[in-house]
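One structure is given below, encoded as structure tokens.
What follows is calculated from the coordinates using simple rules that are stated; it is not laboratory data. Since the structure is predicted, the reported quantities are computational estimates derived from the model, not experimental observations. Note that each Cβ is placed from the backbone with ideal geometry, even for glycine, and that neighbours are counted across all protein chains shown.
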Amino acid sequence: MMISVRDLHKSFGSVEVLKGIDAEIKEQEVVCVIGPSGSGKSTFLRCLNLLEEVTSGDVLIEGTNLTDPKVNINEVRSRVGMVFQHFNLFPHRTVLENITLGPIKVKGLSKDEAKKVALPLLDKVGLSDKADVYPESLSGGQKQRVAIARSLAMEPRIMLFDEPTSALDPELVGDVLEVMKDLAKEGMTMVVVTHEMGFAREVGDRVLFMDEGIIMEEDVPSNLFGNPQNPRTQEFLSKVL
Amino acid sequence: MDFITQSHYYRVMPMLLEGLVWTLLITGIGLIFGFILGAIFGFARLSKSKIIYGIATVYVEVVRGTPILAQILFIYFGLSDLMGVNIDKITASIIAIAINAGAYIAEIVRGAVYSIDKGQEEAGRSIGLTRNQTMRYIIWPQAFRRMIPPLGNQFVISLKDTSLFSVIAVGELLYMGQQYYGSTFAAFEALTMVCIMYLVITVPTAVYLRRVERRLDV
């Protein structure tokens, strides 16, 4: 298993956001997480690279238990890429410098070596001509593609996406989803929190429906979208589809 | 030309220029140490450790809650008395500026670091950077840019504060002016020139800072 989550609980103060999540994600699998806002789906994703401290339960990434206090979390994070809703590019660094920072500082590559990693990735996300500009001059869709390239530069085994298209103008969503589709085709293991039901249906191998801090229902997309069993799933899908 | 060279406005200048050199020296060296103190205590104010946070908070509140005039007297007379050694006036002045400005700079540093979007840290950590690397390569460079206008402002404040050191007879700008009218009785002329000398430094600084601020504002 690439990712195993066992009885994951997460509280913020007295508010319990995750109330016991169990999930297994296989290598090369693309799992989409859907659900209403406040259902805990982003928190769940952020627990997978310990951006949120886990209250109780286990999160195993390729067998490494993140809740073990002795775990080297920086090493694990370099294997798990994360793409954020608001891109979080580094505004004081050029596009190229955004991408090479991790390889240089975490992996110890030289500037030239890191550049050799970064340029093909920029090409892959269709932004070769933007290497030397600063993020502020990019559109939202371009920013998100740079953010994806930045994560890929660490050669991660898993990619986490936290509502990657929610902050984009509708006409820019397509380019980002295209890049994600290519990644899925190449066999990247992906967990995608999304409101793009079309993407989940087309690209997802499995869809998790979360509500009230638990996984209410999970299935292959055709079943979950075509024939949902749980009344909460039915209600949610009737509103968004 | 005699009426110019004979006037007090002209004759006070050599003394005032000497005073200005000391004013700038005390401000400059004091602020270098003040910035170091401010950075240390600013980060301490962001610490999760209650003890470190507590110590830094006490420092900031004590300094900001007492007049700088009391602070300089405390350092020059109080500490000399306590330790039984004489502290040099200039040294005492530099220490006073450093400690005083340090507390205000600590708040500038804290505020600037705090103002950087949390997502920046998360992005840094999620590519595997350590906490320190994230601070050094991502948060600090961005925070530092935001510190420039308030730091410049602090420079102007500290520069003016050095005039208080005239009470311990430090030969800074205001004191030199006082010395001049003490012997010539030309208080109006001397103090006019003293004020002009301060303005020669503070006004261009303020104008420059406004320009920087506008550029950072985009």
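Couple of notes before you dig in:
- Selected residue (criterion: farthest from A:Ile3 (Cα to Cα)) from residues of segment A:102-112 that are of a type outside the set (Lys, Arg) and surrounded by fewer than 24 Cβ atoms within 10 Å (Cβ to Cβ): A:Asp112
- Residues located in segment B:92-129, provided they are assigned to a helix (DSSP H, G or I), of a type in the set (Asp, Glu) and over 22 Å from the mean Cα position of the chain (by Cα): B:Glu121, B:Glu122
- If you go through segment A:198-215 and keep only what is in contact with a helix residue (DSSP H, G or I) (Cβ under 6 Å, 6 or more places away or on another chain) and surrounded by fewer than 20 Cβ atoms within 10 Å (Cβ to Cβ), you end up with just A:Arg201.
- Residue pairs meeting the criteria (Cβ under 6 Å; at least 6 apart or on separate chains; first over 14 Å from A:Leu127 (Cα atoms) and within 11 Å of chain B (Cβ to nearest Cβ), in segment A:146-161; second outside any loop (DSSP other than H, G, I, E, B) and among the basic types (Lys, Arg)): A:Pro156/A:Arg79
- Candidates in segment A:31-59 are the residues that are within 14 Å of chain B (Cβ to nearest Cβ), touching a Ser or Thr at 6+ places or on another chain (Cβ under 8 Å) and not charged (D, E, K, R); of these, the one that is surrounded by the fewest Cβ atoms within 10 Å (Cβ to Cβ) is A:Leu51.
- Counted residues, segment A:60-95 - those being among the β-branched types (Val, Ile, Thr), touching a Lys or Arg at 6+ places or on another chain (Cβ under 8 Å) and more than 8 Å from chain B (Cβ to nearest Cβ): 2
- Among the residues making up segment B:115-151, those that are under 21 Å from B:Leu216 (Cβ atoms) and at the interface with chain A (Cβ under 7 Å from one of its Cβ atoms) are B:Gly119, B:Gln120, B:Tyr137, B:Ile138, B:Pro141, B:Gln142.
- Qualifying residue in segment A:143-162 (condition: basic (Lys, Arg), assigned to a helix (DSSP H, G or I) and over 25 Å from A:Thr43 (Cα atoms)): no
- Hits in segment A:182-212 (condition: assigned to a strand (DSSP E or B) and among the acidic types (Asp, Glu)): A:Asp211
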